[in-house]
Amino acid sequence: MKKRALMSLSLLWLTAGCSEDVDVVRYGHIEEHWQAERVTLNSQEPVVDAETILNQCEDKERLTELDGETFSILGMAYATRAPLMNDDYYGYSFNEVTYVEGDTIYALCKSDRMDGMEGYRAVELAERPAYLKDEVGTEISFLPTVHIATANERAALHKPDAFYDNGQDMEPYPVTLMRISPGFSGTVEIGIEEGGYFNPFFHFLPNLRPSDVFIALGRDKATNMPHLLQSYGGDKARYSSSILQDADLLNGADSLTFRRIHNGGTMEPMTPYPLYDLTIDVDGQNVTKTVSMRYRTSPLLTDPADLDEIAVAYLHQYPYHREVPLPYPDAVNVSGKAYDRLVEALETARPSTKSGDTNDYKYLTLLHGNLGQQFDVSYQQRSKKVDVFVKDVKSGEVFKLSSAGAETFQELFPQAFE
């Protein structure tokens, strides 16, 4: 009997020891938070598994470059998490995967949390995803190419609705019109003078339906300011305009003359290409300014730090619903150091066979990057304190916060104790 009692005590001690080591915070994929779809040139699947999209570039080696001079865009997939609260920046997440075929098959991943949003993480795939097995795709060259515009494209500049701002009286110069077919992924920068300052002007991204870009010179008749005109789509497009940035042009150009000096061709990376010569009168002297263009390819992102992971917790009165974000104070949240304190408080919790009573704030949702965790929250009033219990929705396990953890919880979410 003594041996049996001793064994029982040992087993109890071992069990207690294991309970001390249990992890309360365990992030995972929450399917109901996400809406996902897949798109090809000729089809769309509006309901697919979001987890595959979110993890597509997570478990493989990230590439520093892609092999190939031309690429076929096979299809794209999107996963979106709507915010839990109104006007909530933290909860929203958008993830995109582009499937590309060059010398091999690639997946290119980007997120609204990634640096600049133009950069991609890329991984190599062993084969095409099954839904893209027979897809032809859209061909895009790695580098953009400049073309002289056709007569029809030039004529479109004089249409009554050619410009977005109908109140602006713009005189376009059709002879300067050029068409740029897309590069795979990069930025075209335009500036005055070959060695001068270049402005990021427009981006090319791998897309199933890439658009050519048209640029030309024009003049605002009211201010005499020279403008760079830009549109997507050619003879049916509308043009936007921006003032050419140069100190000698700030007061307009009464005697402006121009000359197109570029005759088209492929744009090599970071090579300045003179486009136009502008001649103006500066203090009685003719001065010629050169408008140049260059192409900056977008580097692939390989550093995990390129992804700005969010960490936010919500205590809320109603369940998450992606179509109905909650207003304050139906939901309250904490982030930053307050979030870290909450996680520390949760990790003080120990398994419990009972729970408390619910009040208005009965749901707790943690978001960490694209992962998360959901708890049901209950409370038990004691004479001088309130015990806090959390139930992991996925596992059904119940945990009771320590006294210190419950005090931290109350400091962070006083609304639940009013």
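The values are calculated or read from the model by the stated rules, or taken from the named source; none is laboratory data. Remember, predicted model here, so these are calculated numbers, not experimental data. Cβ atoms come from the backbone with ideal geometry, glycine included; neighbour counts cover every protein chain shown. For accessibility, only protein heavy atoms count, side chains too; no ligands or nucleic acids. Shrake-Rupley method; radii C 1.70, N 1.55, O 1.52, S 1.80 Å.
Points worth noting:
- The residues in the range 388-412 that are open to solvent by less than 30 Å² (accessible area, probe 1.4 Å) and under 12 Å from Tyr363 (Cα atoms) can be counted, and the count is 3.
- Total residues in the range 178-229, condition open to solvent by less than 20 Å² (accessible area, probe 1.4 Å) and of a type in the set (S, T, N, Q): 2
- Every listed requirement among (1) free of Cβ contacts under 8 Å to residues at least 40 places away in the same chain; (2) out of contact with any helix residue (DSSP H, G or I) (no Cβ under 8 Å at 6 or more places or on another chain) is met by Tyr99 save one, (2).
- Residue list for the range 125-154, restricted to those being of a type in the set (A, V, I, L, M, F, W, C), open to solvent by 60 Å² or more (accessible area, probe 1.4 Å) and touching a residue at least 60 places away in the same chain (Cβ under 8 Å): Val136, Phe142, Ile148
- Filter result (open to solvent by less than 50 Å² (accessible area, probe 1.4 Å) and in a loop (DSSP other than H, G, I, E, B)) within the range 314-324: Gln317, Tyr320
- Here Glu397, Glu309 are screened, and the one residue that is out of contact with any Pro (no Cβ under 6 Å at 6 or more places or on another chain), of a type outside the set (A, V, I, L, M, F, W, C) and within 30 Å of Gly119 (Cα to Cα) is Glu309.
- Within the range 58-69, residues that are among the β-branched types (Val, Ile, Thr) sit with their Cβ atoms under 7 Å from residues that are open to solvent by less than 80 Å² (accessible area, probe 1.4 Å), at 6+ positions apart or across chains, in these pairs: Thr64/Leu300; Thr64/Thr302.
- Search result, residues across the range 167-196 that are at pLDDT below 90 and of a type in the set (Val, Ile, Thr): Ile192
- Residue that is least open to solvent (accessible area, probe 1.4 Å) [pool: residues in the range 347-367 that are over 18 Å from Ala416 (Cβ atoms) and part of a loop (DSSP other than H, G, I, E, B)]: Ser352
- When residues of the range 368-387 are limited to those that are touching a Phe, Trp or Tyr at 6+ places or on another chain (Cβ under 7 Å) and among the hydrophobic types (A, V, I, L, M, F, W, C), the one surrounded by the most Cβ atoms within 10 Å (Cβ to Cβ): Val377
- Number of the condition not met by Thr302 [criteria: (1) buried (at least 16 other Cβ atoms within 10 Å of the Cβ); (2) at pLDDT below 95]: (1)
- The conditions of being touching a Pro at 6+ places or on another chain (Cβ under 7 Å), in a strand (DSSP E or B) and of a type outside the set (Lys, Arg) are met by Tyr99.
- Test for Arg238: is it modelled with pLDDT under 85, touching a Phe, Trp or Tyr at 6+ places or on another chain (Cβ under 9 Å) and either loosely packed, with under 15 Cβ neighbours inside 10 Å or farther than 16 Å from His203 by Cα (or both): yes
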